[in-house]
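Peer 1: Below are the structure tokens for one structure; questions will follow.
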Amino acid sequence: MSYVESVLTRLKEQNPNEPEFHQAATEVLNSLQCAIDANPAYEKAGLLERLVEPERTILFRVPWVDDQGNVHVNKGYRVQFNSAIGPYKGGLRFHPSVNLSIIKFLGFEQIFKNSLTGLPIGGGKGGSNFDPKGKSDNEIMRFCQSFMTELYRHIGADTDVPAGDIGVGAREIGFLFGQYKRIRDEHVGVLTGRGLSYGGSLARKEATGYGLVYITEEALKSRGDSLKGKTCVISGSGNVAIYACEKAMELGAKVVAMCDSNGYIYDRNGIRLDVVKQIKEVERGRIKEYADRVKGSEYHEGCKGIWTIPCNVALPCATQNELDEESAKILVKNGVTLVGEGANMPTTLQATHILQEAGVVFLPGKAANAGGVATSALEMAQSSGRLFWSFEEVDAKLRTIMVNIFKNIDAAAKKYGFEGNYVVGANIAGFEKVAEAMMAHGVV
């Protein structure tokens, strides 16, 4: 049994009933085999055993009172996975599906994603099984205040800097930051994704979507191609999907489909993003309303069918494991040439293999959606220096980071004999920096 196999076996035995974490660890560690084989010192130092075990796992209850005076209790999580290259950095997710396995998979992925940005940030993730949908602003405020009343003990501007994720937007970040400031009596960059009036950064909302398109364009450019004239399908309709759509259209692509958790819209003439923004950002409505407002468009119940729409470029930006084996086969049959992950692990392992075997350019999430955390780190830099950069300055830095990420994962893949395999390239490029730091620190 190889070193990687023994670590994975032990991980699954000691962390039962955590399928998402098992999936993420298996995908990453198997692709690191060649780098591990080239460095025997890693096994002697127990590097992988330490890498897959969080430095700290925090679980807590979150009691709150609804508008009718009823008491509710939710679960709260913060997994501080690895701080070898900098303070823990990763979002908070508020969604009914949140459990320890999902938070651990997200935190583990975050280690490598953050490393790929080239910025000094470690990996972490957190959240709660609280569902913000259908809650009043006051209920959400009370929940966020209760959540932060426990979390504040474990975070800090140079220790752990959370951000938003699914279910945690500008409103929630504001409530969380207000409670932290109230308890600690300090105004510091302890959260990113803050409002512009209290220390936030321009381009943060757009960053993940823009970054996804920047790395997509760079991958196409390396093959003498571009997004201009390409037909794109983008799943999701949150910040990532909306701003990926915006930037893709700016670069000449035609986006024909988007979705939310209920179903998808298809507009053969190209999505009218102003309508999507009105429905999702202003009205907080459902994507099906698009079909009522745009003549010639179609709405279909269920999300899986979005991958049956023929396209050149597919950008899954909704949630984990949304693109499965069956959908991957349909995409290949319909002529897709590039798939870029805007969400965290939206493609199953089987689907990833099908796409790669068919010669589809596959950009994994830890590289492709790193624009959000990269811009969060830029926000941290602005906070530390009491600076405020223009949208153009932040956007230019973001584009440079995403271009460099592609070049680094491309180079790592070639170095180890896996040219064009950006899953291997991203995992190795992210791992090598973290491994070097961990070895330098000794056994800690």
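Peer 1: Using the Karplus curve 6.51 cos²θ - 1.76 cosθ + 1.60 with θ = phi - 60°, what ³J(HN,Hα) values do you get for each residue of the range 287-295, in whole Hz, with x for Gly and Pro?
Peer 2: Values, residue by residue: 5, 4, 5, 4, 5, 6, 9, 10, 4 Hz.
Peer 1: Starting from the Cα of Lys280, draw a straight line to each of the lysines and keep only those under 22 Å, dropping any in the same chain fewer than 8 residues away.
Peer 2: Within the straight-line cut-off, Lys280 pairs with Lys133, Lys135, Lys205, Lys247, Lys254, Lys288, Lys295, Lys304.
Peer 1: Let me ask something else about it. Using a basic spin-label model with each label point 7 Å from the Cα along Cα→Cβ, how many nm lie between Lys407 and Arg171?
Peer 2: 4.2 nm
Peer 1: Rg (Å, one decimal) plus Dmax (Å, integer) for the alpha carbons of the range 3-187?
Peer 2: Cα only, the range 3-187: 17.8, 62 Å (Rg, Dmax).
Peer 1: Could I ask something else about it? Considering the zone a paramagnetic label at Asp137 would reach in this model (a point 7 Å from Cα along the Cα-to-Cβ line), which residues of the range 277-300 have amide N under 15 Å from it?
Peer 2: In the range 277-300, the label zone of Asp137 (backbone N under 15 Å from the point 7 Å along Cα→Cβ) covers 282-284.
Peer 1: Follow-up. Quick one: which of 196-205, 161-170 comes out on top by average Cβ neighbours within 10 Å, and what's the full order, highest first?
Peer 2: Ranking the peptides 196-205, 161-170 by packing returns 161-170, 196-205.
Peer 1: Okay, next question. Roughly how many nanometres apart are two label points built 7 Å out from the Cα toward the Cβ at Glu250 and Asn262?
Peer 2: The modelled label-to-label distance comes out at 3.1 nm.
Peer 1: If you stretched the chain out fully between Leu196 and Ser97, how much longer would it get, using 0.36 nm times the residue separation minus the C-alpha to C-alpha distance?
Peer 2: 32.6 nm
Peer 1: Another question, if that's okay. Rounded to two decimals, what is the ratio between the C-alpha radius of gyration of the range 247-351 and 2.2 N^0.38 Å?
Peer 2: My calculation over the Cα atoms of the range 247-351 gives 1.04.
Peer 1: Once the Cβ-Cβ distance between Phe391 and Gln278 is put in as r, and R0 is 22 Å, what FRET efficiency do you end up with, to the nearest 0.05?
Peer 2: Plugging the Cβ-Cβ distance into 1/(1 + (r/R0)^6) gives 0.50.
Peer 1: Each residue of the range 420-431 in turn: what ³J(HN,Hα) in whole Hz from Karplus with 6.51, -1.76, 1.60 and θ = phi - 60°, glycine and Pro shown as x?
Peer 2: x, 8, 7, 5, 4, x, 5, 5, 5, 4, x, 5
Peer 1: Once R0 is set to 22 Å, what does the formula 1/(1 + (r/R0)^6) return for the Cβ-Cβ distance between Val443 and Thr26, expressed as a FRET efficiency to the nearest 0.05?
Peer 2: Efficiency, from the Cβ-Cβ distance: 0.30.
Peer 1: Taking every DSSP beta bridge with both residues inside the chain, roughly what % is antiparallel (nearest 5)?
Peer 2: Approximately 55 percent, going by the DSSP bridge assignments.
Peer 1: May I ask you to list the aspartates and glutamates whose Cα is less than 16 Å away from that of Lys228, ignoring any residue fewer than eight positions away on the same chain?
Peer 2: Result set, ordered by chain and number: Glu217, Glu218, Glu246, Glu250.
Peer 1: Expected output is a single nm value to one decimal: the length gained when fully extending between Val73 and Ala157, i.e. 0.36 nm times separation in residues minus the C-alpha distance. What is it?
Peer 2: The Val73-Ala157 span can extend by a further 27.4 nm.
Peer 1: How compact and how long is the range 128-242, expressed as Rg and Dmax of its alpha-carbon atoms in Å?
Peer 2: Here Rg and the maximum Cα pair distance are 17.8, 54 Å.
Peer 1: Give a residue-ordered list of calculated ³J(HN,Hα) values for the range 114-129 (Karplus: 6.51 cos²θ - 1.76 cosθ + 1.60, θ = phi - 60°; whole Hz; x for Gly, Pro).
Peer 2: Calculated HN-Hα couplings, in order: 5, 4, 4, 5, x, 9, x, 9, x, x, x, 7, x, x, 7, 7 Hz.
Peer 1: For the chain, what is one quarter of the convex hull surface built on the Cα atoms, given in nm²?
Peer 2: That works out to 20.8 nm², a quarter of the Cα hull's surface.
Peer 1: Of the candidates Ser222, Ser376, Ser237, which one comes out as most mobile in a Gaussian network treatment of the chain with C-alpha springs shorter than 10 Å?
Peer 2: It is Ser222.
Peer 1: Excluding residues fewer than 8 places away in the same chain, name every one of the lysines whose C-alpha is closer than 24 Å to that of Lys433.
Peer 2: The reachable lysines, counting only those whose Cα sits under 24 Å from Lys433, are Lys44, Lys89, Lys104, Lys113, Lys125, Lys366, Lys397, Lys407, Lys414, Lys415.
Peer 1: Sticking with this one: Calculate the spin-label point distance for Gln14 paired with His353, positioning each point 7 Å from the Cα along the beta-carbon direction, and give it in nanometres.
Peer 2: Each label point is offset 7 Å from its Cα along the Cβ direction, giving 2.7 nm.
Where a number appears in this text, it was derived from the coordinates with a stated rule and is not lab data. Computed from a predicted structure; not experimentally measured. A quick note on method: Cβ atoms are made from the backbone with ideal geometry, for glycine too, and the neighbour counts reach across all protein chains shown.
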